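Data first, discussion second: the structure below is written as structure tokens.
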Amino acid sequence: MQSKNNPKNASITSGKHVSYWTDTSTLAEKKPLIENLTTDVVIVGGGIAGLSVAYCLALSGKKIVLVEDGLIGSGESGRTTAQFVTALDDRYYDFEKIFGEEKTKLIAESHRMAIEFAEETIRKEKIDCSFERVKGYLFRHPSDKNTLEEEFLAAQRAGVSVELVDKVPGILQSEKAICFLNQAQFHPMQYLQGLCKAIEEKGGKIFTGTHAEKIDHEGITTTEGFSVKAAQVVVATNNPVNNLFTMFEKQYPYRSYVIGALIKKGVLPKALWWDTGDFGSDPEMPPYHYVRVHPYDDQHDILISGGEDHRTGDTSNTQVPEESRYNLVEQWTRRYFPIGEIVYRWSGQVLEPMDGLGFIGRNPMDHDNVYIVTGDSGNGMTHCTFAGLLISDLINGRENKWEKLYKPSRFTFKTSAPVFKQMMHEFLGYLKQMPNFKSSEILSSIKNGEGKIVDMLEEKFGVYRDEKGSLTIVSAECSHLKCTLAWNKDELSWDCPCHGSRFTYEGKVINGPANFDLPAYRETEGTVEKK
Amino acid sequence: MGTIYFAIAIFGLTAIIGMYLLSLILRDKQIPKGAAIIHGLFAVIALVLLIVYCVGNEPGPLVSIVVFSIAALGGFIMGYRDITGRKVPKWLGVVHGLTALVGFIILLMFAFF
């Protein structure tokens, strides 16, 4: 089955490319909210975070309404590689330095609990999502001097089940590795659909194609003017769309690239593989590669491999543009695995928190009944499942030993350097917004398939001409905090390098923290006017 | 008095950028943040110079400082509204500019009369 590479795919997923998961799912029709409702809890976001929270709350007897502006899993949950792990994105030895040994044990325990909860949910609700327990192998990237020993000992101290192995099963090059026991993998879209069914069976209501335009402590109001009044509000939109300032200095958006390659059935064991990351590319946050295998057809499995991360809207770290990053992933993958034809390509976005740990809990500087789930790093599936447990406890007034550890209002001074770097990054971005009194482009010079920021009439516009020659013009200012957007030629989107907001080439918002579409314009007699 | 003259010069530059930004507000155009930041930074620097002068000299341009501070508050409100996606009211832009102008005239009177 081939990826449906069609720009209109933005209606079912947040980019031009369609992931293997979305391609192999039956997508339900949109079911918008068309009446005012009152409920116990309203949840914004129909990905794994929102659905996990909804499921846990429904289990506890709460009345739930969930709204999602696209389809279930049309955001980052559908673009994951779907691993449940205790082998975390950030190393356990780093967590020990930041949080201490006792809290690192808590971090490990929270992820282990999340996997167990997901497994139990799948069994209890009879969700057919190819869930299976597997081992995961962390091996050294060539640029890594030797962090494995340190990580092994730290993981052991944290209570993670690990072993040192001399050889990694399945890979072409012989490598020592840490084997993480009891990891898991699954089909995320099937899991999400199973969760939806379970939530609705417990009385929860789920509405898709429903955009929450206004979100506050009383509930939400949709673009169409319908309201959901609720005693508790949870925003689980990957990047919170109800938070203007307090989170965005503490987490940073990165894009990651995934290929799906055919591999002969049975050649590889069922496992997860990760390298320790390219310290040459970024010593502070080395982008790593991650691999899994999933059944494809009678003769093949599909090997899903990802990596080559870069800051959203900024590929200057290696000067390799977005659309060429798949080649780098392929080159790395072929070095280690006997793959065949590449049948899928897609990219996703993660938020790297300042201290490596996600943010789950009360929205900072907001009413006590408003909660957020964000900062998933590369462990979104596990982290968001855990969010269901934690948020449910908080809303139900139950004591939870992880509350302080994960609270979004925390500020970890030991890792505050990225915060100032982020502020400088934004400041310099704003400073570059200078008036250009001479239009540098005329619209007719933009070629088919080209997208760029254009200075015209003392303003900046995002302009894209599709393959058929049709021109789309939008404002080049992000609707979150007005940073200048960057063109993502790979996914045909406008991406904000400040905080990770993304928009289709037509200006429709597809990633927070922006919550509004970009103003659109039309070309008239050599100039532009607002639509 | 050198400090005062320097402050006047910086306020002058601030005003030139400010007049351009006001023209954008009045024409419902995007506000280039770089220009707005420089405008604000110049204004703050000039205001700080006036305050520094006051610390070491009497009398100081206190009225001018107060008026500029009010203008700065207006500027901050406009900047906040702009980056958070709200329209900057034209009247606020005009009042901000006029307030700053009044502060400037008072400062000129202090410096030269």
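Computed packing ranks the peptides A:458-465, B:58-65, A:194-201 as A:458-465, A:194-201, B:58-65, most packed first, by mean other Cβ atoms within 10 Å.
Considering only alpha-carbon pairs that sit under 8 angstrom and 6 or more positions apart, the relative contact order computed for segment A:330-415 is 29 percent. Look at the Cα gyration tensor of segment A:386-531: its axes a ≥ b ≥ c give a/c of at least 1.5 with a/b over b/c, and that counts as prolate. For segment A:109-201, what does the alpha-carbon gyration tensor say about shape, rounded, prolate or oblate, given a ≥ b ≥ c as the root eigenvalues, a/c under 1.5 as rounded, and a/b over b/c as prolate? Cα axes put segment A:109-201 in the prolate bin. Between chain B and chain A, roughly 1600 Å² of accessible surface gets buried, counting both sides and using a 1.4 Å probe.
Partner shielding of A:166-179 amounts to 0, given as the average count of beta-carbon atoms from other chains within 10 Å of each residue beta-carbon. Annotation: cysteines of chain A without a disulfide-compatible partner (Cβ-Cβ under 4.7 angstrom) are A:C56, A:C129, A:C179, A:C196, A:C384. Listed peptides A:342-350, A:482-490 appear in the order A:342-350, A:482-490 once ranked by packing, highest mean of other Cβ atoms within 10 Å at the front. Each Lys and Arg Cβ is given +1 and each Asp and Glu Cβ -1; about its Cα centre, the protein assembly as shown then shows a dipole of about 580 debye. The distance separating the Cα centre of segment B:95-113 from that of segment A:166-181 comes to 74 Å.
Shielding of peptide B:13-26 by partners, expressed as the average count of other chain Cβ atoms within 10 Å per residue Cβ, is 1.
Peptides A:369-382, A:122-135 ranked from most to least packed by the mean count of surrounding Cβ atoms within 10 Å: A:369-382, A:122-135.
Would you mind telling me the share, in percent, of accessible area of the protein assembly as shown contributed by carbon and sulfur at probe 1.4 angstrom?
Details: 15330 of 26710 Å².
The nonpolar share, carbon plus sulfur, comes to 57 percent.
Burial annotation for segment A:401-447: residues with an accessible-area loss of at least 30 Å² between the isolated chain and the complete set of protein chains, computed on heavy atoms with a 1.4 Å probe, are A:F427, A:Y430, A:L431, A:Q433, A:M434, A:P435. Checking the a/c ratio against 1.5 first, then a/b against b/c, what shape does the Cα gyration tensor give for chain A? Verdict is rounded for chain A.
In order along segment A:443-456, phi translates into HN-Hα couplings of 4, 5, 7, 7, 7, 4, x, 9, x, 6, 8, 10, 8, 8 Hz, rounded to whole numbers, per the Karplus curve 6.51 cos²θ - 1.76 cosθ + 1.60 with θ = phi - 60° and x for Gly and Pro. Segment A:460-474 and segment B:8-68 have Cα centres lying 39 Å from one another. Averaging the sequence gap over all C-alpha pairs within less than 8 Å and six or more residues apart, then dividing by the number of residues, gives chain B a relative contact order of 33 percent. When only alpha carbons are used to place a centre, segment A:490-531 and segment A:235-281 end up 24 Å from one another. What the phi angles of segment A:318-327 give under the Karplus curve with 6.51, -1.76 and 1.60, with θ = phi - 60°, is a coupling list of 10, 6, 9, x, 3, 5, 9, 5, 4, 5 Hz, glycine and proline written as x.
When the convex hull of the C-alpha atoms of segment A:9-112 is computed, what volume per residue in Å³ does it have? Mind showing how you got there, number by number?
Numbers: hull volume 15.7 nm³, N = 104.
Per-residue hull volume (Cα only) is 151 Å³.
Computed over segment A:212-304, the Cα gyration tensor eigenvalues convert (square root of 5λ each) into semi-axes of 40, 23, 10 Å, ordered from largest to smallest.
Rolling a 1.4 Å probe over the heavy atoms of the protein chains gives the protein assembly as shown an accessible area of 41 Å² per residue. For peptide B:84-92, the mean count of partner chain Cβ atoms within 10 Å of a residue's Cβ comes to 2. The relative contact order of chain A comes to 17 percent, based on Cα pairs under 8 Å that sit 6 or more residues apart.
Here the 3J(HN,Hα) profile of segment A:182-188, calculated from phi with Karplus coefficients 6.51, -1.76 and 1.60 at θ = phi - 60°, is 6, 7, 7, 9, 6, 9, x Hz, Gly and Pro shown as x. Distant-in-sequence amide contacts of A:V293, defined by a placed amide H-H separation under 5 Å and a gap of 5 or more residues or a different chain, comprise A:A271, A:I304.
The values are calculated or read from the model by the stated rules, or taken from the named source; none is laboratory data. Because the structure is a prediction, the values reported are computed rather than measured. All Cβ positions, glycine included, derive from the backbone under ideal geometry; neighbour counts span all protein chains shown. Each accessible area value is taken on the protein alone, full model and side chains, heavy atoms only, with ligands, DNA and RNA left out. Shrake-Rupley method; radii C 1.70, N 1.55, O 1.52, S 1.80 Å.
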